[in-house]
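Here's the structure we're looking at; comments come further down.
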Amino acid sequence: MKGAGMPEVSATELFRRGFNFTPTRVARAPGRLEVLGNHTDYNEGLVMSVAVDRYIEIAASPRTDGRIELVSSVFPQRELFAVTDIRRNPEAPWADYVKGVLLELRRKGVHFSGFSAAIDSSIPLGAGMSSSAALEVATALVVRELYPYALNEQGAADVPPTRDRQGRLPVLGVKERLPLARLCQAAENRFVGVNCGLLDQISSLFGKAHHVLSIDCRFQTVAHAPLVGEAIVVCNTGVKHALVGGEYNALREHCESAARALQAKSLRSVEMSYLKANKHRLSPREYECAYHVVGEIQRVVYAERALREDDHRQFGQYLFQSHESSRDFLRNSCPELDLLVDLARQHRACLGSRLTGGGFGGATISLVAYHEVEAFIAHMSSAYEQRTGRQLEPVVCQVVDGAG
Ligand code: ADP
Ligand code: MG
């Protein structure tokens with residue numbers, strides 16, 4: 001992984017070191033930041049996100065022995081298994097993301113054989129930038145590079161894409177992107193065991209430079225709205241959150257049982273007035289979670305409107321409000337995240353700030369006027385260190401195009 005004090009390693013170089021020859025194919029997929037819409041995706045709600053200039057990159061070459069061998073820049077142990085025997089290895093749980101995608105590809109009728117692959121990353125793990133979805137998408141794309149396939153809603157298409165004279169495949173078709181995002185989500189749900197929504201995979205595949213993605217998780221549609229003039233600054237608390245089997249799944253269960261108690265298909269169908277009138281049908285915790293989700297979906301609607309009207313001050317206010325709702329009702333914040341948002345709010349160049357991603361640690365995003373980014377970063381670093389004794393390294397993320 002690239003970061004402060006760490007050497008820059010490309011996937012190609014990592015491959016050469018790991019396998020002693022040069023890889024034939026490379027694929028990469030960006031991480032993402034959730035801009036607004038906290039825990040709304042699995043409630044069939046609305047969410048805004050961006051793909052950012054942090055990537056998982058995989059370099060690979062086919063092999064003829066029917067085996068798959070993986071090395072990673074982050075985890076020291078190699079993983080080797082037969083194409084015909086893809087199962088979990090508790091010694092290398094990180095490889096589950098790759099294996100899950102391989103199994104889902106096979107379920108869809110994609111044929112592949114063995115390969116060697118090196119996985120490099122500039123996405124910090126568990127920091128709310130979704131390294132897992134980027135790993136899934138990059139895996140699906142590197143398999144496409146090695147063993148070309150085209151996906152549609154039914155599965156693998158009869159005719160695979162063909163390479164041009166330089167050996168390049170055509171870019172992913174618009175109609176292939178959603179099935180691919182769903183396939184990667186299924187890998188994480190079924191094989192890894194994290195009940196994530198579709199937000200991360202969609203963001204990695206549908207991102208557009210200088211634009212925010214507006215994702216409707218019920219109808220699975222994506223729209224783009226321009227966001228220029230402000231930088232997105234990420235401040236990582238350095239506090240870890242464990243999503244597998246953890247608080248994330250618990251929040252999801254509260255939301256789903258709230259919807260059931262309200263006889264709604266999902267919280268997307270619930271209006272605030274209806275929720276309030278039916279408070280007595282929910283447990284206190286179900287009500288709090290539902291209150292956050294229903295209000296948050298409404299906030300995304302208002303925020304889209306503010307963006308369309310070019311009112312970025314108002315847009316930023318919704319970010320602050322979102323944080324308060326996550327903190328007070330969903331209760332997935334933590335003291336470090338709250339402190340970062342409070343410190344950001346003190347700076348005049350900051351339009352909005354909130355926790356992003358699963359919560360319970362991880363990172364905040366702040367929307368900051370471009371010409372004052374340096375001053376904002378200096379303020380955040382020194383104030384955070386003063387208050388906690390810990391160092392903070394805020395990073396400016398560029399909004400980039402999606403994978404493929
Ligand atoms: P995030 O918020 O970053 O998606 P997750 O816990 O969902 O956090 O996913 C992180 C997991 O993804 C890691 O624990 C690891 O299993 C896998 N992963 C991420 N980056 C890499 C990498 N470069 N090499 C191998 N596995 C990785
Ligand atoms: Mg993840």
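The values are calculated or read from the model by the stated rules, or taken from the named source; none is laboratory data. Just so we're clear, the structure is a prediction, and the values are computed from it rather than from any experiment. Note that we place each Cβ from the backbone using ideal geometry, even for glycine, and neighbour counts take in every protein chain shown. Side chains included, ligands, DNA and RNA excluded: accessible areas come from the protein's heavy atoms. Shrake-Rupley method; radii C 1.70, N 1.55, O 1.52, S 1.80 Å.
For residues in region 236-247 being under 30 Å from ILE377 (Cα atoms) and open to solvent by less than 40 Å² (accessible area, probe 1.4 Å), which is modelled with the lowest pLDDT?
Ranking the qualifying residues of region 236-247, first place goes to HIS241.
When region 298-308 is examined, which residues are found to be open to solvent by 20 Å² or more (accessible area, probe 1.4 Å) and not basic (Lys, Arg)?
First pass over region 298-308, keeping only residues open to solvent by 20 Å² or more (accessible area, probe 1.4 Å): 298-299, 301-302, 304-305, 308.
GLN298, VAL301, TYR302, GLU304 - these are the residues of region 298-308 that are open to solvent by 20 Å² or more (accessible area, probe 1.4 Å) and not basic (Lys, Arg).
Is it the case that region 309-327 has a residue that's within 16 Å of ligand 2 (Cβ to nearest atom), surrounded by 20 or more Cβ atoms within 10 Å (Cβ to Cβ) and within 30 Å of ALA29 (Cα to Cα)?
No, that holds for no residue.
Give the residue that is nearest to ligand 2 (Cβ to nearest atom), with candidates limited to residues of region 120-161 that are farther than 30 Å from LEU337 by Cα and part of a strand (DSSP E or B).
Going through the qualifying residues, I end up with LEU151.
May I ask you to list pairs of residues, at least six apart or on different chains, whose Cβ atoms are under 6 Å apart, with the first in region 68-93 being under 18 Å from VAL110 (Cβ atoms) and the second being open to solvent by less than 70 Å² (accessible area, probe 1.4 Å) and basic (Lys, Arg)?
ILE86/LYS99
Does region 185-193 contain at least one residue that is closer than 30 Å to ALA250 by Cβ, open to solvent by less than 20 Å² (accessible area, probe 1.4 Å) and among the polar types (S, T, N, Q)?
No; the residues of region 185-193 include none that is closer than 30 Å to ALA250 by Cβ, open to solvent by less than 20 Å² (accessible area, probe 1.4 Å) and among the polar types (S, T, N, Q).
If you take the residues in region 102-119 that are part of a loop (DSSP other than H, G, I, E, B) and among the hydrophobic types (A, V, I, L, M, F, W, C), which one is surrounded by the fewest Cβ atoms within 10 Å (Cβ to Cβ)? Before the answer, list the steps.
If we filter region 102-119 for residues that are part of a loop (DSSP other than H, G, I, E, B), which is where we start, we get 108-114.
Keeping just the survivors that are among the hydrophobic types (A, V, I, L, M, F, W, C) gives 110, 112.
Values: VAL110: 22, PHE112: 17.
For region 102-119, the residue satisfying everything is PHE112.
Please count how many residues of region 248-280 are of a type outside the set (D, E, K, R), part of a helix (DSSP H, G or I), open to solvent by 20 Å² or more (accessible area, probe 1.4 Å) and modelled with pLDDT of 95 or more.
Adding up the residues that qualify gives 9.
Take LEU205 and decide whether it is touching a residue at least 24 places away in the same chain (Cβ under 8 Å) and farther than 22 Å from LEU251 by Cβ.
On the way: touching a residue at least 24 places away in the same chain (Cβ under 8 Å): yes; farther than 22 Å from LEU251 by Cβ: yes.
So LEU205 passes the test.
Quick check: anything in region 53-70 within 13 Å of ligand 1 (Cβ to nearest atom), within 21 Å of TYR147 (Cβ to Cβ), surrounded by fewer than 22 Cβ atoms within 10 Å (Cβ to Cβ) and at pLDDT 95 or above? Let's see the steps before the verdict.
Narrowing region 53-70 to residues within 13 Å of ligand 1 (Cβ to nearest atom): 54-59, 70.
Subset that is within 21 Å of TYR147 (Cβ to Cβ): 56-59, 70.
Keeping just the survivors that are surrounded by fewer than 22 Cβ atoms within 10 Å (Cβ to Cβ) gives none.
Checked region 53-70: no residue is within 13 Å of ligand 1 (Cβ to nearest atom), within 21 Å of TYR147 (Cβ to Cβ), surrounded by fewer than 22 Cβ atoms within 10 Å (Cβ to Cβ) and at pLDDT 95 or above.
Of the residues THR24, THR84, THR12, which is under 28 Å from VAL234 (Cβ atoms), surrounded by fewer than 23 Cβ atoms within 10 Å (Cβ to Cβ) and over 22 Å from the mean Cα position of the chain (by Cα)? Write out each step before concluding.
Details: THR24 fails: under 28 Å from VAL234 (Cβ atoms); THR84 fails: under 28 Å from VAL234 (Cβ atoms).
After ruling out the rest, the residue left standing is THR12.
Taking the conditions exactly as written (over 23 Å from ASP200 (Cβ atoms) and under 24 Å from the mean Cα position of the chain (by Cα)), does LEU392 satisfy them or not?
Numbers: over 23 Å from ASP200 (Cβ atoms): yes; under 24 Å from the mean Cα position of the chain (by Cα): yes.
Against the criterion (over 23 Å from ASP200 (Cβ atoms) and under 24 Å from the mean Cα position of the chain (by Cα)), LEU392 qualifies.
Within the group VAL171, VAL228, VAL233, which residue is open to solvent by 30 Å² or more (accessible area, probe 1.4 Å), outside any helix (DSSP H, G or I), in contact (Cβ under 8 Å) with a residue 60 or more places away in the chain and of a type outside the set (Gly, Ala, Ser)? Lay out the reasoning, then the answer.
On the way: VAL228 fails: in contact (Cβ under 8 Å) with a residue 60 or more places away in the chain; VAL233 fails: open to solvent by 30 Å² or more (accessible area, probe 1.4 Å).
After ruling out the rest, the residue left standing is VAL171.
In the list ALA127, ALA118, which residue meets the criterion of being more than 28 Å from VAL233 (Cβ to Cβ), in contact with a strand residue (DSSP E or B) (Cβ under 8 Å, 6 or more places away or on another chain) and not aromatic (Phe, Trp, Tyr)? Before the answer, list the steps.
Details: ALA127 fails: more than 28 Å from VAL233 (Cβ to Cβ).
That would be ALA118, the only listed residue that is more than 28 Å from VAL233 (Cβ to Cβ), in contact with a strand residue (DSSP E or B) (Cβ under 8 Å, 6 or more places away or on another chain) and not aromatic (Phe, Trp, Tyr).
Got a number for residues in region 212-225 being in a strand (DSSP E or B) and under 16 Å from the mean Cα position of the chain (by Cα)? Give the steps one after another, and end with the answer.
Residues of region 212-225 that are in a strand (DSSP E or B), as a first pass: 212-216, 221-225.
Add one more test, that the residue is under 16 Å from the mean Cα position of the chain (by Cα), and what stays is 212-216, 222.
The total comes to 6.
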